[in-house]
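Heads up, the thing below is written out as structure tokens.
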Amino acid sequence: MKLYDNLIDSTMESLSDREVVRVAYDSVRAWKCLEDSEFIMQRDAGTDLGGSGNPSVNYTCVTTSGKVTEDEILICGTDIRKIEKDTAFARIVILETEDLGEDVDQEKAFQAIRNLEFVRYHVFPEGYMVRVSSQSNQEQVRISRDAIRRGIDFAKVGASYIKKYKEAGLVRHVRIIFITRKDIVEALLPNANKVDLITKTLTHILDGMPTDCGHCSMKPVCDEVEGMKELHLGKRRV
Ligand code: SF4
């Protein structure tokens, strides 16, 4: 699975000359999660991430190219307990998985990717309310004052997410990246749109669209994304 590899490279490139804190995953450090989402009222909020007009980015990339070799959390920008006002926010997940078998069964591989994308909707860290946006590539979070007082931080929340991803099967390693620097969040917005386009193209392919690239509205995506044409047309026809 190489479809997201360029986006993974571009994401890491955007962090290459920035100060990034790396924390190795330790399941014991995971922040307590609830069974379901909770509602945090504004009067109980300690901080809002990605809201109040601040940019927000969220996307998930799947790869089998050996780009993630350990479970880890990367943090770029101010961590939760030091945030003093509402801020920009990005949470990006890169999943190194087992072979998804897309050469044999595209539908099964695509379903596996969707299932992994949906994991994000089943993680409910206590005192950390994720607000669903109409645009899937955004994520807004409200964190309660009580959670901040009890020591919540991105490393602990990240560990909660990684724990859930590793329960989903197929996942070898997870890199989860939290960013609160506005300039980087804004720079990553196009990547989120490209992930959406890849998902839309995969959906169209599975809907049985014709294999005529010359008359296909998805051509700009397939020209740019390595492996997309092979996925649709098979290796010999590309
Ligand atoms: S491979 Fe060609 S026909 Fe298939 S989705 Fe891409 S551009 Fe369209």
Quotient of Cα Rg and 2.2 N^0.38 Å for region 14-110, N being how many residues it contains: 1.38
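Give the residue list of trypsin sites (Lys or Arg not before Pro) in region 53-86 that are DSSP loop and have at most 15 other beta-carbon atoms within 10 angstrom. Numbers along the way, then the final one.
Numbers: sites: LYS67, ARG81, LYS82, LYS85; in loops: LYS67, LYS85.
For trypsin sites (Lys or Arg not before Pro) across region 53-86 that sit outside H, G, I, E and B with at most 15 neighbouring Cβ atoms in 10 Å, the list reads LYS85.
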Candidates per chymotrypsin sites (Phe, Trp or Tyr not before Pro) in region 2-76, loop by DSSP, up to 14 other Cβ within 10 Å: PHE39
Residues with amide H under 5 Å from that of THR47, placed H, sequence gap 5 or more: ILE143
Derived scalar couplings ³J(HN,Hα) [region 211-225; Karplus, 6.51 cos²θ - 1.76 cosθ + 1.60; whole Hz; x for Gly, Pro]: 9, 10, 4, x, 10, 10, 6, 8, 3, x, 5, 5, 5, 9, 9
For the chain, calculated [θ]222 nm from helices alone, where every DSSP H run of n ≥ 4 adds -39500 (n - 2.57): -10500 deg cm²/dmol
Acute angle (nearest 10 degrees) that the helix 182-206 long axis makes with the longest principal axis of the chain, alpha-carbon atoms: 40 degrees
Per-residue HN-Hα couplings for region 74-79 [Karplus 6.51, -1.76, 1.60; θ = phi - 60°; Hz; x = Gly/Pro]: 10, 10, 10, x, 6, 7
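With the Cα gyration tensor of region 72-228 in hand, give its eigenvalues times 5 under a square root as the equivalent ellipsoid semi-axes, listed largest first in whole angstrom.
Details: eigenvalues 217, 68, 32 Å².
Each semi-axis is the square root of five times an eigenvalue, giving 33, 18, 13 Å.
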DSSP-loop GluC sites (Glu not before Pro) across region 30-100, with at most 15 other Cβ within 10 angstrom: GLU35, GLU38, GLU70, GLU84, GLU98
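Every number here is computed from the coordinates shown, using simple stated rules; none is lab data. Because the structure is a prediction, the values reported are computed rather than measured. We place every Cβ from the backbone using ideal geometry, glycine too, and count neighbours over all the protein chains shown.
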